[in-house]
1. Around Leu94, which amide H atoms from residues at least 5 apart in sequence, or from another chain, sit under 5 Å from its own amide H, with H modelled in the peptide plane?
2. Could you work out the local net charge near Arg9, counting Lys and Arg as +1, Asp and Glu as -1, over the other residues with Cβ closer than 13 Å to its Cβ?
3. Identify the trypsin sites (Lys or Arg not before Pro) of segment 65-119 meeting these criteria: DSSP loop state and at most 11 other C-beta atoms within 10 Å of the C-beta.
4. Rounded, prolate or oblate: which one fits segment 11-133, using the alpha carbon gyration tensor with axes a ≥ b ≥ c (rounded when a/c is under 1.5, else prolate when a/b beats b/c, else oblate)?
5. In nanometres, what is the gap between the two model label sites at Phe56 and Leu44, each 7 Å from Cα along Cα-to-Cβ?
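Each reported figure results from applying straightforward, stated rules to the coordinates on display, with no laboratory input. All values reported here derive from a predicted model rather than from experimental measurement. Virtual Cβ from ideal backbone geometry, glycine too; neighbours counted across all protein chains shown.
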Amino acid sequence: MTVRIQLVRFALVGAANTGTYYAFYLLLLTRLPYVASHLVASGLSMIGSFFLNSWFTYRTRPTWRKFLLFPLTNAANLVITTVGVYLLVDVLHLGSRYAPLIAAGGAVPITFLVSRAIMLPRDPARDLPRDPAGDPAPAGSPGHGSAAATAPAEPAGNGR
């Protein structure tokens, strides 16, 4: 799957997540104070967003490690949108009513990159040294990893 498709799916999940958050918020608001409603709705929509991004956006298996790191995407979004709103309103003198929407749109690509780094496994091929043609250097060639990486493996079943 291409990064472009993942980005589109990420935006769709974000739209669904916003709707889910707002529906939970309104439902909880009938029984809880607004701050409690906001916090519970945010937590529930973040859990939903995690699973939707795992299964739909990145087609990857959810793990506890990813689940525990996933709130970093929301932290990144909060920082970017807060700075964006400040710049749009106080520096560029745009209206405060629409600044959050513009800032949120600007945060999507960066939040996507943070989310992608958390949700997708590292690609070891990307970390290999490259020969001048751009191809990964063959194992055992000069410049390919450390001596430990090119040393022969110990035989299995050595009793350790």
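1. Val89
2. Working: positive: Arg4, Arg59, Arg116; negative: none.
Every neighbour counted, the sum reads +3.
3. Details: sites: Arg65, Lys66, Arg97, Arg116; in loops: Arg97.
Of the trypsin sites (Lys or Arg not before Pro), the ones in loops of segment 65-119 whose Cβ has at most 11 other Cβ atoms within 10 Å are Arg97.
4. Numbers: a/c = 2.83, a/b = 1.36, b/c = 2.08.
Taking the square roots of the gyration eigenvalues as a ≥ b ≥ c, segment 11-133 is oblate.
5. Distance between label points: 1.7 nm.
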